[in-house]
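Reading through the structure tokens given below for one structure.
The values are calculated or read from the model by the stated rules, or taken from the named source; none is laboratory data. This structure is a prediction, so every number in the text was calculated from the model and none was measured.
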Amino acid sequence: MIRALLTIILPLLLPTGLYLLWAIAMRRAAAAGIGDVLRGLPWPWLGAVGVVLLAGVLALLSLGFGSGERGIYVAPHAVDGKIIPGHIEPVAPARP
């Protein structure tokens, strides 16, 4: 469940949430009379946040997924009309 949250739901909802926060900040800034100063600022900030999120997702994917199983991967193949699914064949331990 946490994997689906981090890799699907969060990337879909986060840009909308950031935009809503920016819109609220712009409305408050316009009410205070400083809206013109902040009008050009969200794009660099949103770009920087996007780069940070991209780096985080790439780090999560490279470190958090995959199995620690050692061996040789055998791709799916057909033998006598039956499909043998892909699997990892363990490597025999080295003899001294």
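Here's the yes/no breakdown for (1) farther than 29 Å from Ser62 by Cα; (2) of a type in the set (A, V, I, L, M, F, W, C); (3) modelled with pLDDT of 85 or more:
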{"position": "Ile2", "(1), (2), (3)": "no, yes, no"}
{"position": "Pro11", "(1), (2), (3)": "no, no, yes"}
{"position": "Pro15", "(1), (2), (3)": "no, no, yes"}
{"position": "Tyr19", "(1), (2), (3)": "no, no, yes"}
{"position": "Trp22", "(1), (2), (3)": "yes, yes, no"}
{"position": "Met26", "(1), (2), (3)": "yes, yes, no"}
{"position": "Ala29", "(1), (2), (3)": "yes, yes, no"}
{"position": "Gly35", "(1), (2), (3)": "yes, no, no"}
{"position": "Leu41", "(1), (2), (3)": "yes, yes, no"}
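As for the stretch 64-78, it holds at least one residue that is at pLDDT below 85 and within 13 Å of the chain's Cα centre (by Cα).
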